[in-house]
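These notes concern the structure reproduced below.
The values are calculated or read from the model by the stated rules, or taken from the named source; none is laboratory data. The shown structure was predicted, so the numbers you read here are calculated from the model rather than taken from an experiment. Cβ placement follows ideal geometry from the backbone for every residue including glycine, while neighbour counts extend to all protein chains displayed. When the accessible area is computed, the model is the full protein with side chains, heavy atoms only, and any ligands, DNA or RNA have been set aside. Shrake-Rupley method; radii C 1.70, N 1.55, O 1.52, S 1.80 Å.
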Amino acid sequence: MKVDLANAPIKFVKGIGPSAAEKLERLHIETVADMLGYFPFRYENNESVDLSQAAHDTRVNVIGEIVTPAMVAYFGPKRNRLTFKLKVDHLVVQITFFNQAYLKSKLNVGEQIRVSGKWDRARQAISASKYFLVSGSETESDEKKLESVYHMTEGLKQSQFQKWLKTTWEAYHEQIPELLPESLRQHYQLIDSHDAYEAIHYPTDPGVLLQARRRYTYEELLLFQLKMQLMRQRDKEQSGGISIQYDVQELRRYIASLPFELTGAQKRVVNEICGDMRSVTHMNRLLQGDVGSGKTVVASIAMFSAINAGFQAALMVPTEILAEQHFAELTRLLTPFNISVALLTGSTKKKDRVQLHEQLANGSLDVLIGTHALIQEDVVYHRLGLVVTDEQHRFGVNQRRAFREKGEQPDVLFMTATPIPRTLAITAFGEMDVSVINELPAGRKPIVTQWFKHEQMPDVLAFTRNEIASGRQIYMVAPLIEESENMDLQNAFDLHQQMQQYFGDKIPIGLMHGRLKSAEKEAVMQAFEAGDIKMLVTTTVIEVGVNVPNASTMIIYDAERFGLSQLHQLRGRVGRGGYQSYCYLVADPKTDNGKERMQIMCESNDGFVISQRDLELRGAGDFFGNKQSGIPQFKVADLVEDYRVLEVARDDAMAIVKEKRFKTKEYQALAAAVEHQLAVEAGQLD
């Protein structure tokens with residue numbers, strides 16, 4: 001009888017009762033489709049190797065004849081070691097099984113067995129994990145060249161899971177649905193769904209497994225991209241976006257008033273953003289730009305356009321320091337045009353907050369800048385037309401949605417100074433239009449980056465002393481605020497104390513960290529901006545947004561503790577004036593990965609190059625440093641290795657949605673799968 005595998009409970013499979021179903025539920029396996037779709041995370045190669053060529057301390061698989069009886073030595077409760085000799089070709093090697101004394105009665109001299117384990121070349125010994133008889137009832141196991149290995153949970157063994165999987169496979173494999181239309185399978189020469197499932201779970205050789213992974217990599221990425229394209233299309237068609245009809249001549253007058261000419265890249269993205277705002281469709285655009293590329297100026301142009309057309313604009317940022325920086329910059333740019341700008345954060349006094357709320361609600365306030373305080377229930381906008389979110393990946397999905405719902409479908413501009421590799425932009429922000437500022441303002445000099453060991457710190461401080469003598473200022477960043485017993489890192493307090501001892505009273509040194517009250521942070525930053533503080537010892541609280549053109553040197557202590565993108569963000573705090581600037585990485589990385597990151601930073605100032613290398617070293621899941629970034633978890637596809645397939649899938653998805661192929665019979669199964677995913681994510685289905 002044909003059943004719906006996606007809704008058939010796993011407990012109805014023969015041999016899988018309530019107890020087994022409960023264990024499988026811990027692996028998020030509740031239906032037959034879940035079971036068949038629970039793919040191995042690796043494969044063990046059971047092909048025999050030549051021990052004379054095998055590398056030391058690697059996993060090997062050999063066939064040989066047992067030449068000595070198995071002996072068991074006990075050394076504690078439930079602890080034992082079983083050993084025997086196995087003749088493999090012309091070698092006699094010792095085989096050891098730990099805590100498997102029961103095997104003694106099963107291993108007989110003269111039998112041919114296949115053994116898997118770790119090879120000790122010096123001792124001519126194998127620490128074995130399993131064995132199979134080459135002849136007799138276990139011949140079938142012996143013939144598996146590749147053996148699937150699955151992630152397990154407590155109380156569930158591989159052998160047990162494999163048994164249940166085989167039962168499920170034998171009962172339902174003929175009913176596995178085919179999602180990909182025949183036209184796509186033929187175009188890309190992809191095997192069908194049934195054969196791909198079989199090859200994933202029961203591969204006969206590496207070539208067949210490669211074909212299966214190739215098929216499911218494309219299917220996973222296509223399904224995801226179709227979902228993104230449908231979301232994008234429906235957002236434009238159903239959102240009832242507003243048309244912001246600003247005065248073009250007034251906008252040109254504002255741009256002409258800026259203290260510098262826009263770069264070519266800034267002009268391009270301004271045209272893209274303003275074009276979106278004038279259209280009746282809803283703007284949902286991501287603005288990417290390297291540190292110092294001028295995103296705030298572009299945002300100010302978008303805000304001017306909205307206010308000129310009679311709307312309000314709001315900018316939400318993740319930290320109070322960044323909010324204060326944006327407030328100062330946008331006040332300077334917009335107030336000469338009689339545009340009112342206000343700041344709202346968690347530290348805003350109640351009296352000022354009440355006044356801001358009134359001005360916002362009656363429309364006398366044009367621009368509001370702040371942290372998540374902007375989306376609290378009591379914040380009511382008169383006519384919100386433009387929502388800007390900076391460093392948007394630091395906010396949760398619900399926070400971004402709440403901000404957007406403050407107006408009647410306002411246009412949305414997301415900004416990030418974290419250059420995002422193309423593959424992640426396509427996945428995490430696939431439902432958005434993307435604008436990229438890939439050009440720095442004229443006159444910016446490349447920052448000289450050097451890597452020093454901790455023992456070379458006196459050299460770094462000598463360079464620092466010269467820069468301060470020349471009138472410049474210094475940042476020094478430490479990864480921790482206070483001393484940690486678990487991590488031997490220089491913390492901000494200790495570093496601040498050491499710098500005071502080194503420089504004495506000759507150089508004023510400030511301390512900044514996230515635990516300071518807002519007023520204290522503001523006082524420190526104002527003193528640094530005014531030049532009263534020559535060296536600022538700080539944590540990563542100054543990672544984004546801080547703009548002090550006179551600061552020429554960034555020293556990052558224990559730099560190996562930071563990701564590449566974060567190091568690049570920190571480096572971007574200098575190089576903002578007309579002076580040659582420097583970044584000194586003080587680090588003693590213990591791993592090759594850590595050393596490679598230091599070298600990459602010294603070799604490149606290009607944030608997009610660095611972010612791609614960061615992605616390759618850290619993987620997609622950790623790129624943003626959190627799991628709320630919108631990066632999906634794929635079962636087969638790898639965003640680093642499979643980026644070409646991702647781009648092909650994106651192009652195919654765009655064409656399918658644009659050409660409305662979902663309406664044809666051939667694409668019905670694919671359309672149903674995408675709609676199911678959308679319904680699940682919208683909370684309409686379990």
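In contact (Cβ under 8 Å) with a residue 40 or more places away in the chain, among the hydrophobic types (A, V, I, L, M, F, W, C) and over 9 Å from Gly64 (Cβ atoms): does that describe Val93? Answer is no for this residue. Taken as a whole, the condition of being assigned to a helix (DSSP H, G or I), open to solvent by 10 Å² or more (accessible area, probe 1.4 Å) and closer than 26 Å to Thr204 by Cα does not apply to Asp50. Within the stretch 586-613, restricting attention to residues that are out of contact with any His (no Cβ under 8 Å at 6 or more places or on another chain), surrounded by fewer than 21 Cβ atoms within 10 Å (Cβ to Cβ) and not in a helix (DSSP H, G or I), the residue that is modelled with the lowest pLDDT is Asp606. A residue that is open to solvent by 20 Å² or more (accessible area, probe 1.4 Å), of a type in the set (D, E, K, R), under 27 Å from the mean Cα position of the chain (by Cα) and within 27 Å of Ala417 (Cα to Cα) can be found somewhere in the stretch 304-324.
Taking the listed residues Gln245, Gln233, the one that is in a loop (DSSP other than H, G, I, E, B), surrounded by fewer than 16 Cβ atoms within 10 Å (Cβ to Cβ) and in contact (Cβ under 8 Å) with a residue 12 or more places away in the chain is Gln245, with no other qualifying. Checking each residue in the stretch 614-643 for being modelled with pLDDT of 75 or more, closer than 12 Å to Ser565 by Cβ and buried (at least 20 other Cβ atoms within 10 Å of the Cβ) picks out Asp614, Leu615.
The set of residues in the stretch 526-569 being in a helix (DSSP H, G or I), within 17 Å of Arg472 (Cβ to Cβ) and either at pLDDT below 85 or open to solvent by less than 20 Å² (accessible area, probe 1.4 Å) (or both) consists of Phe528, Ile542. Helices (runs of 4 or more DSSP H) fully within the stretch 279-398 that include at least 2 residues being more than 24 Å from Thr263 (Cβ to Cβ) and touching a strand residue (DSSP E or B) at 6+ places or on another chain (Cβ under 9 Å): 320-334, 350-362. The residues listed here are Lys104, Lys163, Lys118; of these, the one that is out of contact with any Phe, Trp or Tyr (no Cβ under 6 Å at 6 or more places or on another chain), surrounded by fewer than 17 Cβ atoms within 10 Å (Cβ to Cβ) and part of a strand (DSSP E or B) is Lys118.
Among the candidates Lys658, Lys635, Lys665, the residue that is basic (Lys, Arg) and closer than 20 Å to Asp433 by Cα is uniquely Lys658. Arg650 falls short on exactly one of the conditions (1) at pLDDT 85 or above; (2) under 18 Å from the mean Cα position of the chain (by Cα), and that condition is (2).
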